[in-house]
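Working notes, structure below.
The values are calculated or read from the model by the stated rules, or taken from the named source; none is laboratory data. In this text, all values refer to a predicted model and were calculated from it rather than measured experimentally. Cβ coordinates were reconstructed from backbone atoms using ideal geometry, including for glycine residues, and neighbour counts include every protein chain displayed. The accessibility values were calculated without ligands, DNA or RNA, using every heavy atom of the protein model including side chains. Shrake-Rupley method; radii C 1.70, N 1.55, O 1.52, S 1.80 Å.
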Amino acid sequence: MGDVDRIGAITLRPGIPEGMRRTSALLRAFIRTTWTHDVVTFNRAELDGEDLDGFLFGTDRTALRSLVEPLRDLQNNLCFYCDRRMAGDVHIDHVVAWSMIPIDGVANLVAADSRCNLDKSASIPVRAHVDRALERPHLTEIARTTRLPLLYRRTSSAAEGLFASLPVGSILWRGVRDYEPHTA
């Protein structure tokens, strides 16, 4: 068999797959740390450095639950989108949808009731929602106490780019079953 036939194939010795399974959590943490270090080393001038690991690999959903009480307090127990009192399950929502721009910073996260969060889903919100999210007071303090990154600049820049690139007439989410066309 020539070298060309062997490209892309890894043959593991007996017992190695089982050992990798047993140590997968340790290996995953080591690989993520090493990968993040290499990305920083090779791109030092271009990176803003804020939460690079979260940007590369996403934030654990359980970490976002630590925002429920601080954001509920900041919003006076009102849903960020509809201003109704939040009862029961409070959702932490990405104002600019994570599926579009993966930013898990406090500046991009709000407390919402399930009705608004599930209706909005991955829709692009109206610009007013993004602006209001970025204008909220005490975000730096919330980021510090929850040990989550603020990512204000990244959220603001990403939103600017998103709205600048949207074609006129794109549908923007304003509220539950309420949309409006993008006007540039």
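Can you give me the distance in nm between label points at ASN77 and ARG28, each placed 7 Å from the Cα along the Cα-to-Cβ direction?
Placing both labels 7 Å along Cα→Cβ, they lie 3.7 nm apart.
Just to verify a number: what accessible area does PHE30 come out at with the full protein assembly present, 1.4 Å probe, Å² rounded to tens?
130 Å²
Sort MET86, MET100 by accessible area with a 1.4 Å probe, largest first.
So, going from the largest accessible area down, we get MET100, MET86.
Consider just the alpha-carbon atoms of segment 56-176 and return their Rg together with their Dmax, both in angstrom.
When restricted to the Cα atoms of segment 56-176, Rg and Dmax are 13.5, 40 Å.
Cβ under 15 Å from TYR179's Cβ, TYR179 left aside: what net charge do those residues give with Lys, Arg +1 and Asp, Glu -1?
In short, +1.
May I ask you to rank ILE16, ILE142 by accessible area, largest first, using a 1.4 Å probe over the protein chains only?
Largest accessible area first, the list is ILE16, ILE142.
If you take the C-alpha gyration tensor of segment 65-127, multiply each eigenvalue by 5 and take the square root, what semi-axes do you get, largest first, in whole Å?
18, 13, 10
From largest accessible area down, sort THR146, THR23; use a 1.4 Å probe on the protein chains.
Of THR146, THR23, the descending order of accessible area is THR23, THR146.
In segment 78-184, which trypsin sites (Lys or Arg not before Pro) fall in coil by DSSP and have 13 or fewer other Cβ atoms within 10 Å?
Here the sparse-neighbourhood loop sites are ARG84, ARG147, ARG177.
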